1. Kindly establish whether Val144 is in contact with a Leu (Cβ under 9 Å, 6 or more places away or on another chain), assigned to a loop (DSSP other than H, G, I, E, B) and modelled with pLDDT of 95 or more.
2. Within the stretch 153-178, restricting attention to residues that are within 16 Å of the ligand (Cβ to nearest atom) and assigned to a strand (DSSP E or B), which residue is surrounded by the fewest Cβ atoms within 10 Å (Cβ to Cβ)?
3. So Val201 ticks every box in (1) under 22 Å from Arg60 (Cβ atoms); (2) buried (at least 21 other Cβ atoms within 10 Å of the Cβ) but one. Which box is left unticked?
4. Which of the strands (runs of 3 or more DSSP E) found entirely inside the stretch 2-44 contain at least 1 residues meeting this: surrounded by fewer than 11 Cβ atoms within 10 Å (Cβ to Cβ), in contact with a strand residue (DSSP E or B) (Cβ under 9 Å, 6 or more places away or on another chain) and of a type outside the set (A, V, I, L, M)?
5. Out of Val199, Val215, Val231, Val247, report the one residue that is near the ligand (Cβ under 8 Å from one of its atoms) and either closer than 17 Å to Ser169 by Cα or not in a strand (DSSP E or B) (or both).
6. Tell me which of these Arg193 doesn't satisfy, since it passes every other one: (1) modelled with pLDDT of 95 or more; (2) within 15 Å of the ligand (Cβ to nearest atom).
7. Which count do you get for residues in the stretch 70-97 that are surrounded by fewer than 24 Cβ atoms within 10 Å (Cβ to Cβ), closer than 27 Å to Val282 by Cβ and among the small types (Gly, Ala, Ser)?
8. Select, from Ala241, Ala236, Ala258, the only residue that is over 16 Å from the mean Cα position of the chain (by Cα) and free of Cβ contacts under 8 Å to residues at least 12 places away in the same chain.
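The values are calculated or read from the model by the stated rules, or taken from the named source; none is laboratory data. Quick caveat: nothing in here was measured; it's all calculated off a predicted structure. With ideal geometry, Cβ positions are generated from the backbone for all residues, glycine too; neighbour counts draw on all protein chains shown.
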Amino acid sequence: MSAAILNVHGDAALAAHIAHASDGILSELELRNFPDGETYVRIATPLTDADAILVSALDRPNEKMMPLWLTALAAKELGARRVLLVAPYLPYMRQDARFHAGEAVSARAFARLIGAAVDGLVTVDPHLHRIARLDELFPAASRVVHAAPALAHWVQAHVPHPLFIGPDSESEQWTAQVAELAQAPFAIASKRRLGDRRVEVSLPDIGCWRERTPVIVDDMISTAHTMIETVKILLARGFAAPWCVAVHGLFVEGAYEALLAAGAARVVTCNTVAHPAARIDVAAAIAAGVRGWLR
Ligand code: R5P
């Protein structure tokens, strides 16, 4: 066996895809809680001289981290040659600076925690802004899978005459790439964050594209307030109901329903986080990233 796939908190279809692409086998992992809430981990498949590939969703990460950490360290102790983490969504990346005195720079702290347990990381479009590259954070070899081709392809197949809108300057890296691949124009709004659940969005003059269908693109939807404010402005300016597409859909606190209620025509994300809106499949791209890492 060259690769053993351990599905910690991952999507079963993604784990199977990775097993197929890496010529590996889905391995037996027992995870449960002791009565006191502590985590029990047992890897039943021998790992000697195999690469252990841990697949884990990491939305709502706090409860998932301890099982992942224990599994990664156990895999190493049990003789795995290398330990690779496949985390389609990488959390904690937005707190990438100390915005107020005394704050933790969570992106760096989280990277240190993961980096101490694994030899490599494959993830999809992490939120990189003030820290420009993932390898600045992860000493472990990392590979970023880009969702832009899948997003562009999906929009081309579903939305006639799109006009892509990035809701803030940080989204330009994704919006511009998707627009180029879909061969459609784009505009970038500006956003002022007033709190965890309050943002102000302002749009440039895009009146010349009023006949097009707006497609708001962002790397993630959390509370959806960023998208909701952008939808409201577009509707107020006389545009058709906007489509909302994002790489990662966290959809906290009823965000999905709130976004539709605000007037979005449809809300779609990649399947990096499990949700009914996660219709854009990036499993093949992730599996290719894993194959590349293993080489
Ligand atoms: C931040 O810059 C991100 O790219 C997203 O715009 C943000 O996290 C979305 O958050 P929310 O859905 O809570 O407005």
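1. Working: in contact with a Leu (Cβ under 9 Å, 6 or more places away or on another chain): yes; assigned to a loop (DSSP other than H, G, I, E, B): no; modelled with pLDDT of 95 or more: yes.
Taking the combined requirement at face value, the residue does not satisfy it.
2. First pass over the stretch 153-178, keeping only residues within 16 Å of the ligand (Cβ to nearest atom): 164-178.
Narrowing the set further to residues that are assigned to a strand (DSSP E or B) leaves 164-166.
On the way: Phe164: 29, Ile165: 32, Gly166: 25.
By that ranking, first place goes to Gly166.
3. For Val201, the failing item is (1).
4. On the way: elements: 3-9, 29-33, 39-43.
Output list reads 29-33.
5. Working: Val215 fails: near the ligand (Cβ under 8 Å from one of its atoms); Val231 fails: near the ligand (Cβ under 8 Å from one of its atoms); Val247 fails: near the ligand (Cβ under 8 Å from one of its atoms).
Sole residue among the options that is near the ligand (Cβ under 8 Å from one of its atoms) and either closer than 17 Å to Ser169 by Cα or not in a strand (DSSP E or B) (or both): Val199.
6. For Arg193, the failing item is (1).
7. Residues that pass the stated criteria total 0.
8. On the way: Ala241 fails: free of Cβ contacts under 8 Å to residues at least 12 places away in the same chain; Ala258 fails: free of Cβ contacts under 8 Å to residues at least 12 places away in the same chain.
After ruling out the rest, the residue left standing is Ala236.
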